[in-house]
Amino acid sequence: MYTYDRKLLFSVPELKTRGWTSSGISKFSPEPDDMRPNPRFSSAGGPMKFYLISRVEALERTPEFQKWLSKSNQRKTAALRTVETKEQKLLDYVDEIEIEVPSLTPEELINRAVAHYNEHWAGTGKFAHVLDSPEFLVRIQVNYLRHELTRTASRRNSGQKPEHTRPA
């Protein structure tokens with residue numbers, strides 16, 4: 001049924017645990033030695049590819065593969081450092097954010113939300129009132145909180161309002 005006994009083969013995930021990447025597989029061994037249907041995910045995009053262990057190990061001993069593997073590991077290390085740097089910058093930024101949560105009564109929140117809505121939609125014919133439906137009032141309260149109370153510290157300190165977009 002299959003060309004080789006499974007014990008003689010590496011699957012793609014097994015190659016990747018050995019340091020291979022998809023591009024490395026394409027470069028050094030583009031044609032698999034055996035292919036089999038995926039038993040778990042029959043519609044996963046084609047058969048599973050397998051490579052003879054003896055051929056893989058012979059490829060791994062070549063100077064060309066060793067050079068490629070070294071450079072691949074260097075790229076992985078550099079990429080990891082880049083991600084760590086970006087993560088640290090994000091954490092530093094988050095540490096600087098000051099969160100201020102005002103204490104509002106339900107009536108104050110509704111009044112502010114209605115005023116915010118009316119200011120935002122001025123001149124369009126849309127108008128909110130404190131006696132509108134509870135569903136509508138909840139929606140504009142959430143919008144008010146999102147738009148007006150979640151500005152970044154830099155925008156809060158500068159007095160700059162967030163940009164609003166209106167549907168065309």
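The values are calculated or read from the model by the stated rules, or taken from the named source; none is laboratory data. None of these values were measured; they are calculated from a predicted model. Cβ coordinates were reconstructed from backbone atoms using ideal geometry, including for glycine residues, and neighbour counts include every protein chain displayed.
Where in the stretch 10-125 are the helices (runs of 4 or more DSSP H), entirely inside, with at least 3 residues that are under 30 Å from Leu149 (Cβ atoms), outside the structural domain of Thr150 (by TED's automatic domain parsing) and in contact (Cβ under 8 Å) with a residue 60 or more places away in the chain? Of the helices (runs of 4 or more DSSP H) lying wholly inside the stretch 10-125, none has at least 3 residues that are under 30 Å from Leu149 (Cβ atoms), outside the structural domain of Thr150 (by TED's automatic domain parsing) and in contact (Cβ under 8 Å) with a residue 60 or more places away in the chain.
Do you know which of the residues in the stretch 119-168 that are among the acidic types (Asp, Glu) and at pLDDT 55 or above is farthest from Tyr93 (Cα to Cα)? Let's see the steps before the verdict.
Start the filter on the stretch 119-168 by keeping residues that are among the acidic types (Asp, Glu), which leaves 119, 132, 135, 148, 163.
Right, trim to at pLDDT 55 or above and you get 119, 132, 135, 148.
Working: Glu119: 32, Asp132: 40, Glu135: 36, Glu148: 20 Å.
Result: Asp132.
Among residues belonging to the stretch 19-39 that are exposed (fewer than 12 other Cβ atoms within 10 Å of the Cβ) and under 30 Å from Gln74 (Cα atoms), point out the one that is farthest from the chain's Cα centre (by Cα). Here the residue is Glu31.
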